[in-house]
Amino acid sequence: MLNTEQINLETSFILIEPNTPLVELKNKILQYQFAVITGERHYTITNREYNFILSDADSKPVILWLEEMQWIPSTVLTMSEILELSIDWRRPVLIKNEEKENIIGVLTASKWIQSLQIENKKITAYFHTLAETVNDAVTAVDQEGKVICWNAPAEGTYGIKRENILGRKIGEYFHVEDIVLHRILNEGRPVRKAYHRPDSDTHVLINASPIIQDNIIIGGIATEQDITRIVRLNEELYSSVPQLVHPENPFSSIIGTGTEIQQVLQVAQKTTYADIPVLLTGEPGSGKEMLAQAIHYSSSRKNEPFLSVNCISVPPGLLEAELFGYQRKAFMDEGQVGQSGKLEQASQGTLFITDIDQMPFDIQAKLSNYLEHQSFHRIGGTELVTAQTRIIASASPVIDTMVKEGTFHKDLYYQLAVIKIDIPPLRERIEDIVELIQKFMQEFTIKYKKPMPNIDPTVLTALINYDWPGNVRELRNVVERFILLNDEDVITLKHLPREVVTSSQSIHAGPIAIPSQDTLLYKERVSTNEEAFMIEEALRKTYGNKSAAAKLLGISRATLYNKIKEYGLDSHSE
């Protein structure tokens, strides 16, 4: 914005009354740069116009001479009004103070043009510096589509030198249908985070806006973030999803003895016989992907692809292309080139969509339409694509609230939630912790070629007492850590992360706080032999740690001691 305070006004002027004799004007005008005749209208005469009044009668009033000459009056404005009003620049403009009491200067057309030129250079310098500062490719075109800005990242992204494209129409270098700025110029609507492939080797996310002046589109500007490396990395990461379950007996890979997790597994096993969508909800790290794989590899689709797409790791602008694919016209011919999305690639198999509650709303609507019709259009394509792909989706528990608040597509939710399975967090499955530890220890001792260490009872107590906000994934990471870092025969508290030790100690500073009771975990009547066996099994799993065994059994420590004495199990020591 032009700063009016920086405009240099001409201040060499004299005010003259309208009825002043012309002779006085002749005498004064050579002493000043401007003579300003005041009155109902204001007139300005420059000292370079002295010859116009030289031959006229000295006694003639100035106002009469002005009328005879049909002199054009000057516009009178304040500085703030200059930027707001249309001005007649045929005569110098008179500038009054903001109170409109006194004339403070004269502004000629040439001075105004000079100020505008200086301001234009300044704005251009700001713009080009900004364009070269950002990491994204910046392209600006005028109303005809001619390139007026092409920064260094644009050169790098497209391999086109600035000197070769500036002043040329952008359509000379790219297919018209592939140029977002053409659509901006025609429609005048901004584009935000749109995925685009200007050529077969380049992937970008585009933000573009029309440049509007007086309700007329005079150009367009686009910033393009090169995400080719992200796409390549994503393709590498998800080209083959690591198999987390045993292919012959997938559900045997999932450890769970508690009532809730057993109910989860029973429901999941029943879904393997149906080709309906499944929605898995649970906290991060609770095992949703493993359960999705177990469902797939236990179904009739087990020999077909199991693919995964993550709604958090894939940029929103790219996610639609990742799911549905991309179609565009070839640059040099009339053929069609494109790339299939995960829905096509997983046809006849299963597509696992993780964190679907983070999917943009417009893509949710498109996915809902696919689930209804089993068909879709690629981005940029007109051909209807059919794919028989089973959808298993995962989400955080807040998805129910999102549906109620309208931030998650209601139709999509009910299409996915035909079978909805809520996976309990690890803190509600303490009976599984020891077995999970044993499984992960076996996995990582083999991986790192290390001998199987023993576990100090205090370590088991700490691991059982910890709340595991990261669930099974966090437990697996902790086990991998102490297997990798330990060079001794026994895992002790020093091998655990500090937060695991301090958190478990602060929660359970004394004996494990379980209400006193004489019943075992499931509160069922069991025979003496069964009860003794369960106690022995708990002590075996916890390596004789009575505190940990009592936690697993769901009884108080005092009750456990009494049962050990009753059944003669004193050979187990802590």
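The values are calculated or read from the model by the stated rules, or taken from the named source; none is laboratory data. Note that the coordinates shown come from a computational prediction; the quantities given were computed from them, not determined experimentally. Positions of Cβ are backbone-derived with ideal geometry, glycine not excepted, and every protein chain shown enters the neighbour counts.
What to note about this one:
- Of Gly156, Gly145, Gly167, all but one fail to be small (Gly, Ala, Ser) and on the phi < 0 side of the Ramachandran plot; the exception is Gly156.
- Within the range 369-392, restricting attention to residues that are over 17 Å from Glu320 (Cβ atoms) and in contact (Cβ under 8 Å) with a residue 24 or more places away in the chain, the residue that is surrounded by the fewest Cβ atoms within 10 Å (Cβ to Cβ) is Glu372.
Results for (1) surrounded by fewer than 18 Cβ atoms within 10 Å (Cβ to Cβ); (2) not aromatic (Phe, Trp, Tyr), shown as yes or no for each residue.
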residue: Pro284; (1), (2): yes, yes
residue: Val309; (1), (2): no, yes
residue: Phe352; (1), (2): no, no
residue: Pro360; (1), (2): yes, yes
residue: Ile363; (1), (2): no, yes
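- Condition met for Ser252 (under 30 Å from Arg476 (Cα atoms) and either at pLDDT below 85 or surrounded by fewer than 20 Cβ atoms within 10 Å (Cβ to Cβ) (or both)): yes
- Unique residue being at pLDDT below 70 and under 19 Å from Ile430 (Cβ atoms) when the list is Leu539, Leu552, Leu521: Leu521
- Count of the range 475-485 residues which are farther than 11 Å from Leu436 by Cα and buried (at least 18 other Cβ atoms within 10 Å of the Cβ): 3
- Taking each residue of the range 481-505 that is within 15 Å of Thr458 (Cβ to Cβ) and looking for partners that are of a type in the set (Phe, Trp, Tyr) and part of a helix (DSSP H, G or I) with beta-carbon atoms closer than 6 Å, six or more apart or interchain, yields Ile491/Phe482; His495/Phe482.
- The set of residues in the range 259-285 that are hydroxyl-bearing (Ser, Thr, Tyr), part of a loop (DSSP other than H, G, I, E, B) and modelled with pLDDT of 90 or more contains only Thr272.
- Any hit, the range 56-73, residues being within 60 Å of the chain's Cα centre (by Cα), not aliphatic (A, V, I, L, M) and not assigned by TED's automatic domain parsing to the domain that holds Asp214: yes
- Positions within the range 153-176 being among the aliphatic types (A, V, I, L, M) and either surrounded by 14 or more Cβ atoms within 10 Å (Cβ to Cβ) or not assigned by TED's automatic domain parsing to the domain that holds Ile216 (or both), in sequence order: Ala154, Ile160, Ile165, Ile170
- Qualifying positions in the range 464-489 - more than 28 Å from the chain's Cα centre (by Cα) and not in a loop (DSSP other than H, G, I, E, B): Ile464, Asn465, Leu475, Arg476, Val478, Val479, Glu480, Arg481, Phe482, Ile483, Leu484, Leu485
- Qualifying residues in the range 287-305 (those that are of a type in the set (Gly, Ala, Ser) and outside any loop (DSSP other than H, G, I, E, B)) - the one farthest from the chain's Cα centre (by Cα): Ala294
- Some residue of the range 411-423 being of a type in the set (D, E, K, R) and buried (at least 19 other Cβ atoms within 10 Å of the Cβ): no
- Qualifying residue in the range 324-345 (condition: at pLDDT 90 or above, assigned to a loop (DSSP other than H, G, I, E, B) and over 29 Å from Gln225 (Cβ atoms)): no
- Look at the range 26-42: where a residue is under 14 Å from Leu94 (Cβ atoms) and modelled with pLDDT of 90 or more and a partner is among the acidic types (Asp, Glu) and in a strand (DSSP E or B), sitting 6+ places away or on another chain with Cβ atoms under 8 Å, you get Gln33/Glu10; Phe34/Glu10.
- Qualifying residue in the range 393-403 (condition: within 20 Å of Ala274 (Cα to Cα), surrounded by 22 or more Cβ atoms within 10 Å (Cβ to Cβ), of a type outside the set (A, V, I, L, M) and at pLDDT 90 or above): yes
- Leu116 meets all of the listed conditions (1) more than 22 Å from Thr202 (Cα to Cα); (2) surrounded by 15 or more Cβ atoms within 10 Å (Cβ to Cβ); (3) not polar (S, T, N, Q) but one, namely (2).
- Within the range 145-168, tally of residues that are farther than 24 Å from Thr228 by Cα and at pLDDT below 90: 1
- Hits in the range 144-159 - residues which are over 18 Å from His128 (Cα atoms), touching a strand residue (DSSP E or B) at 6+ places or on another chain (Cβ under 8 Å) and in a loop (DSSP other than H, G, I, E, B): Glu144, Gly145
- Some residue of the range 74-81 being on the phi > 0 side of the Ramachandran plot and not assigned by TED's automatic domain parsing to the domain that holds Ser209: no
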